[in-house]
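Here is the structure we will look at, set down as structure tokens.
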Amino acid sequence: MTPSPSLRVFMLGATGTIGRATVRALVRQGHEVVCFGRASRVGRASIAPSAPEPGVTVRVGDVSDAASITRDGFKGEPFDAVVSCMASRTGTPRDAWAIDHQAHLNVLQAAQTAGVPHMVLLSAICVQKPLLAFQEAKLAFERTLIDSGLTWSIVRPTAFFKSLSGQVERVQKGKPFLVFGDGTLTSCKPISDDDLAEFLASCVTDTTRHNRVLPIGGPGNAQTPRQQGEQLFALLGREPRFKQVPVALLDVIIAVLGALGRVIPPLADKAQLARIGRYYATESMLVWDDAAQRYDASATPSTGQDTLVDFFAKRLRGDATDDRGEHAVFQ
């Protein structure tokens with residue numbers, strides 16, 4: 001097997017769990033990685049982010065400013081690819097259009113100016129059926145990237161392990177597993193950070209993944225929330241216990257917050273977060289067959305070797321965390 005050539009990669013979104021895993025994968029594959037991001041604030045001091053992997057260069061700047069990306073990021077140096085795992089923190093309209101769309105436009109403009117030939121973008125499988133602001137923002141940038149003249153790879157993953165493990169501690173404490181409806185309204189092919197990262201990093205050199213939109217899931221069959229709960233109870237050696245939450249409850253919350261949001265602006269964002277929650281409670285994270293008007297598990301490619309049940313086991317042992325942070329609502 002011919003080893004992949006060593007390339008220079010400009011990395012965005014390296015502070016998140018998937019971004020850090022992608023940096024590790026790029027380094028394992030022999031690439032030189034330069035990470036670009038903003039400094040964090042501690043009191044009045046600005047603290048530069050630490051390198052996510054030994055030997056990785058970290059540069060500080062502002063993705064909201066194309067000039068800063070050029071000046072502080074690329075610095076007139078040659079790069080073979082840009083890899084972005086950057087995403088809005090909340091998914092609210094203002095945040096989504098600022099990061100998922102405009103910040104990526106700034107990066108694309110700077111990359112074109114610098115002569116970077118290829119961009120790998122981490123998107124989301126839910127943009128194939130867009131009903132929310134963050135999905136529209138992601139999709140709008142996807143279209144711009146496709147039309148940009150650069151070689152591109154757009155990766156649309158299904159659900160992440162960390163977004164499906166939020167009830168581990170709840171169930172450990174003897175509480176039932178919460179499901180919307182009967183727990184079979186949706187399904188997905190969960191994928192780990194490491195398996196997704198390996199796929200993203202390989203897009204840099206794998207020409208079969210160039211100029212393609214790439215939906216991707218983890219190994220095995222699609223799983224419903226009820227099946228996920230059953231796996232968790234089996235690991236604990238307990239009989240499964242579920243509490244069914246009606247989707248109509250979310251509709252009431254959305255309606256109330258939406259009405260109040262017209263006079264109390266912060267509640268408008270809360271309403272949007274509730275809409276995001278409803279989307280994930282009712283829509284599968286699988287390839288959408290537009291002709292048949294249904295989700296198709298068989299058409300959703302699988303990759304990797306890490307399974308959700310193994311991740312649950314690690315969580316129960318304390319060997320892993322879900323580390324959802326501000327993405328807990330919509331990942």
log10 I(q)/I(0) for region 211-309, Debye formula on C-alpha points only (no solvent), q = 0.23 Å⁻¹, two decimals, reads -1.13
Of the listed links Lys138/Lys162; Lys75/Lys162; Lys270/Lys314; Lys175/Lys314, those spanning more than 29 angstrom between alpha carbons are Lys75/Lys162; Lys270/Lys314
Taking the Cα centre of each part, how many Å lie between region 64-128 and region 238-295? 29 Å
Carbon + sulfur, % of accessible area of the chain - ligands and nucleic acids excluded, 1.4 Å: 52 percent
Expressed as a fraction of 2.2 N^0.38 Å, the rule-of-thumb size for a compact globular protein of N residues, what is the C-alpha radius of gyration of region 64-160? 1.05
Using the Cα atoms as the points, what is the convex hull volume per residue of region 72-225 in Å³? 142 Å³
Kirkwood-Stokes translational diffusion coefficient of the chain, alpha-carbon pairs, 37 °C, 0.692 mPa s, µm²/s: 157 µm²/s
Please give the net charge around Val33, taking every other residue with its beta carbon less than 9 angstrom from that of Val33, where Lys and Arg add +1 and Asp and Glu add -1. -1
Between Gln227 and Ile146, what is 0.36 nm times their sequence separation minus the Cα-Cα distance? Round to one decimal in nm. 25.4 nm
Please state, as a whole number in µm²/s, the translational diffusion coefficient that the Stokes-Einstein equation yields for region 118-163 at 4 °C and 1.567 mPa s, with Rh defined as the Kirkwood radius across alpha carbon pairs. 115 µm²/s
Return a whole-number percent for the relative contact order of region 50-177, with Cα pairs under 8 Å and 6 or more residues apart as the contact set. 23 percent
The chain: relative contact order from alpha carbon pairs under 8 Å, six or more residues apart, as a whole percent, is 17 percent
Could you report region 147-189's accessible area per residue, 1.4 Å probe, as an integer in Å²? 37 Å²
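The values are calculated or read from the model by the stated rules, or taken from the named source; none is laboratory data. Predicted model only: the values in this text are computed from it and were never measured. Every residue, glycine among them, receives a Cβ derived from its backbone with ideal geometry; neighbour counts consider all protein chains shown. When the accessible area is computed, the model is the full protein with side chains, heavy atoms only, and any ligands, DNA or RNA have been set aside. Shrake-Rupley method; radii C 1.70, N 1.55, O 1.52, S 1.80 Å.
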